[in-house]
Amino acid sequence: QVQLVESGGGLVQAGGSLRLSCAASGNIFRVISMGWYRQAPGKQRELVATITSGGITNYALSVKGRFTISRDNSKNTVYLQMNSLKPEDTAVYYCNGAAGAYWGQGTQVTVSA
């Protein structure tokens, strides 16, 4: 069983930056893929970025070049560095493990114009 706890959300002005963290419990973190998803009000949850156990990354086109996903296996933590934030990035951001097997509770990111 893996538990995921996100942190780092908040309110930021457009053009600003935030770094989200997702701490995982359990012993399998280093062998599972991890990802970030987001859900804006009235919209479906969407993929933001993923990273495999080997460090291969993938990004949604809407965030490519602005967001960076990374992981520290020694800390059982995955990060999402978000730069050049836009109001349309406002959403609840969820950490995901093992392609949907595990989910965090979400952290709110609000970007003001």
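The values are calculated or read from the model by the stated rules, or taken from the named source; none is laboratory data. Bear in mind the structure is a predicted one, so any value in this text is a computation, not a measurement. When we count neighbours, we look across all protein chains shown, and the Cβ atoms used for this are built from the backbone with ideal geometry, even at glycine. All accessible areas refer to the heavy atoms of the entire protein, side chains included, with ligands and DNA or RNA removed. Shrake-Rupley method; radii C 1.70, N 1.55, O 1.52, S 1.80 Å.
Some notes on this structure:
- Filter pass, Gly104 being free of Cβ contacts under 8 Å to residues at least 40 places away in the same chain and not aliphatic (A, V, I, L, M): no
- Across region 1-17, the number of residues qualifying as under 26 Å from Phe29 (Cα atoms), of a type in the set (A, V, I, L, M, F, W, C) and open to solvent by 30 Å² or more (accessible area, probe 1.4 Å) comes to 1.
- If only residues of region 50-85 that are of a type in the set (Lys, Arg) and surrounded by fewer than 15 Cβ atoms within 10 Å (Cβ to Cβ) are counted, the one that is nearest to the chain's Cα centre (by Cα) is Lys64.
- Scanning region 19-49 for residues that are within 15 Å of the chain's Cα centre (by Cα), open to solvent by 30 Å² or more (accessible area, probe 1.4 Å) and touching a residue at least 24 places away in the same chain (Cβ under 8 Å) yields Arg19, Ala23, Ser33, Tyr37, Gln39, Arg45.
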